[in-house]
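Enquirer: The following block contains the structure, expressed as structure tokens.
Any read-out appearing in this document is the output of simple, stated calculations on the displayed coordinates, not a laboratory observation. Keep in mind the model is a prediction, meaning the values are calculated, not measured. Because the Cβ atoms are built from the backbone with ideal geometry, glycine has one as well, and the counts that use them run over all protein chains shown.
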Amino acid sequence: MLPPDDFDPAIGPAETLEPGLRRIVADNPSPMTYRGTNTYLLGTRGIAVIDPGPASQSHLQAILDAIGPDQHISHIIVTHTHLDHSPLARDLARVCAAPILAFGDAFAGRSDVMQQLAAASDIGGGEGIDAEFIPDQLLRHGETIAGDDWEVQVIHTPGHIGNHISLRWGDACFTADHVMGWASSLVSPPDGDLTDFMASCAELQQTRWRVFYPGHGAPVTDPAARLDWLVSHRLSREADILRALEHGPATAAALAAEIYTETPPALLGAATRNVLAHLIDLTGKNKIAPLGPLCATASFRRV
């Protein structure tokens, strides 16, 4: 899916999205981050900073400049520990003395299957992980975080990474990198787990949402349709992979080259990791099997 051409926000200034909510886009555009990471400022007095973003002094200053004289930062909430979301949290905490809240460290929430794969094989992955991240306070699924004039509920949504959370704010949801409008979420084992990703989609589908505020790109104004698309997209990719394997065993890289024919070369590596996630999921469903040990370069066959 191509990104919408009309999302081209100014980098740095805080933009009001609705009463009590502002967004600052970080200065880290790339094929994987689109225009940059969205940092959200929630509240009108005690401010929650949701996803402070990458280690960028200019972005740190942009956050501080957005805090008015009658405001203060009361919470720093990190949705997950990728390098475009969490590293600035500690620098920001040093300045404002607010606690950092997250589901856990870089390996929290990782599924048993992915833990076993990481320990037993050269599965690779782990690119862009903030391995040194440690929160001040651990968050649990269903927990409520409250500020002066705001309240959010934690929804554990692993899949993109095991420690990924979304945040319910009334009928809106901060979905970080789980649901975005400009692209489908990357699922790269062993940090990403497609089985978990699909379960997290089902979790979000239980609620009638008004809007999603993602980690990159514009707000998603039809959340139900976007979730339906994500699920059908993944099921379609699964069907593509199974059809391709009817012609004989193949690796994740070979399958990605065959299936993702319209993907730009810069994103083919990410597509290969997504295919690998499908292959691991299909192995768990006993629909396919690796030829030899399960690893990133293994060939897989239909069962």
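Enquirer: Residue by residue through segment 174-183, which ³J(HN,Hα) values in whole Hz follow from phi under the Karplus form 6.51 cos²θ - 1.76 cosθ + 1.60 (θ = phi - 60°), with glycine and proline marked x?
Expert: 7, 9, 6, 9, 6, 10, 10, x, 8, 6
Enquirer: Something else: I want to verify a result. In a Gaussian network model of the chain, Cα cutoff 10 Å, which of these has the top mean-square fluctuation: 148, 171, 70?
Expert: Among 148, 171, 70, the largest GNM mean-square fluctuation belongs to 70.
Enquirer: Among 101, 267, 282, whose mean-square fluctuation peaks in a Gaussian network model of the chain (Cα, cutoff 10 Å)?
Expert: 267
Enquirer: Pull out a ≥ b ≥ c, the square roots of the eigenvalues of the alpha-carbon gyration tensor of the chain, then state rounded if a/c is under 1.5, prolate if not and a/b is larger than b/c, and oblate in the remaining case. Intermediate results must be reported in sequence, preceding the final value.
Expert: Values: a/c = 1.99, a/b = 1.81, b/c = 1.10.
It comes out prolate by the Cα gyration axes.
Enquirer: Using only Cα atoms, tell me the angle between helix 223-245 and the longest principal axis of the chain; keep it within 0 to 90° and round to the nearest 10.
Expert: Here the helix axis deviates by roughly 20 degrees.
Enquirer: Between 76, 165, 145, where does the largest GNM mean-square fluctuation fall for the chain, given springs only between Cα atoms within less than 10 Å?
Expert: 145
Enquirer: I would also like to ask the following. Per DSSP H run of n ≥ 4, the term is -39500 (n - 2.57); total these for the chain, divide by its residue number, and report the mean residue ellipticity at 222 nm rounded to 500 deg cm²/dmol.
Expert: Details: 7 runs with 86 residues, N = 303.
That calculation yields -9000 deg cm²/dmol at 222 nm.
Enquirer: Taking 0.36 nm per residue of separation and subtracting the Cα-Cα distance, what length does fully extending residue 301 through residue 97 add?
Expert: Details: separation 204, 0.36 × 204 = 73.44 nm, distance 5.40 nm.
So the chain would gain 68.0 nm between residue 301 and residue 97.
Enquirer: Considering Cα pairs under 8 angstrom that are at least six residues apart, work out the relative contact order of the chain and quote it in whole percent.
Expert: Once divided by the residue count of the chain, the mean separation gives 14 percent.
Enquirer: Compute the acute angle (0 to 90°) between the alpha-carbon long axis of helix 268-284 and the principal axis of greatest extent of the alpha-carbon atoms of the chain; round to the nearest 10°.
Expert: It is inclined by approximately 70 degrees.
Enquirer: What list do you get for 173, 201, 96 if you sort them by fewest beta carbons within 10 Å?
Expert: Details: 173 26, 201 20, 96 17.
Fewest-to-most ranking of 173, 201, 96: 96, 201, 173.
Enquirer: When Lys and Arg each count +1 and Asp and Glu each count -1, what net charge do the other residues less than 13 Å away from residue 127, Cβ to Cβ, add up to? Please list the in-between numbers first.
Expert: On the way: positive: 273; negative: 84, 130, 191.
Overall, the nearby charge balance is -2.
Enquirer: Residue by residue through segment 193-204, which ³J(HN,Hα) values in whole Hz follow from phi under the Karplus form 6.51 cos²θ - 1.76 cosθ + 1.60 (θ = phi - 60°), with glycine and proline marked x?
Expert: Karplus-based 3J(HN,Hα) across segment 193-204 equals 9, 5, 4, 5, 4, 5, 5, 5, 4, 5, 4, 5 Hz.
Enquirer: OK, next. 7 Å from Cα along Cα→Cβ at both residue 257 and residue 144: what's the point-to-point distance in nm?
Expert: For residue 257 paired with residue 144, the spin-label model returns 5.5 nm.
Enquirer: Right, something else. Let's see if you can work this out: charge +1 on each Lys and Arg Cβ, -1 on each Asp and Glu Cβ, no other charges. What is the dipole magnitude of the chain about its Cα centre, in debye to the nearest 20?
Expert: It comes to approximately 680 debye.
Enquirer: Hey, got the dipole for segment 237-302? About the Cα centre, +1 on K and R Cβ, -1 on D and E Cβ, debye to the nearest 20?
Expert: Computed charge dipole of segment 237-302: roughly 220 debye.
Enquirer: For segment 126-145 and segment 237-256, write down the distance between their C-alpha centroids in whole Å.
Expert: If we compute the Cα centre of each part, the gap is 35 Å.
Enquirer: Once phi is turned into θ = phi - 60°, what whole-Hz ³J(HN,Hα) does the Karplus curve with 6.51, -1.76 and 1.60 give for every residue of segment 157-165, x standing for Gly and Pro?
Expert: Listing the rounded values in order: 10, x, x, 5, 7, x, 8, 6, 10 Hz.
Enquirer: Which net charge results for the neighbourhood of residue 71, defined as the other residues with beta-carbon distances under 15 angstrom from its beta-carbon, given Lys and Arg at +1 and Asp and Glu at -1?
Expert: Details: positive: 22, 45; negative: 65, 70, 148, 149.
For residues surrounding residue 71, the net value is -2.
Enquirer: What does the C-alpha gyration tensor say about the overall shape of segment 237-302? Classify as rounded when a/c is under 1.5, otherwise prolate if a/b is larger than b/c, or oblate.
Expert: Prolate is the answer for segment 237-302, as a/c is 1.5 or above and a/b outweighs b/c.
Enquirer: Oh, and also: Can you put 140, 210, 168 in order, fewest other beta carbons within 10 Å first?
Expert: 140, 210, 168
Enquirer: Let me ask another. Where does each of 156, 216 land when they are ranked from fewest to most other beta-carbon atoms within 10 angstrom?
Expert: 156, 216
Enquirer: Would you be so kind as to identify which of 218, 85, 264 lies farthest towards the positive end of the dipole of the chain, taking Lys and Arg as +1 and Asp and Glu as -1 on Cβ and the Cα centre as origin?
Expert: The one lying farthest along the dipole's positive direction is 264.
Enquirer: Using a ≥ b ≥ c from the Cα gyration tensor of segment 79-217 (square roots of the eigenvalues), is it rounded, prolate or oblate, where a/c under 1.5 gives rounded and otherwise the larger of a/b and b/c decides, a/b for prolate?
Expert: oblate
Enquirer: While we're here: If you take the Cα Rg of segment 168-282 and divide it by 2.2 N^0.38 Å, with N the number of residues, what do you get?
Expert: 1.12
Enquirer: Quick check: the distance between the Cα centres of segment 79-97 and segment 27-54, to the nearest angstrom?
Expert: Result: 10 Å between the Cα centres.
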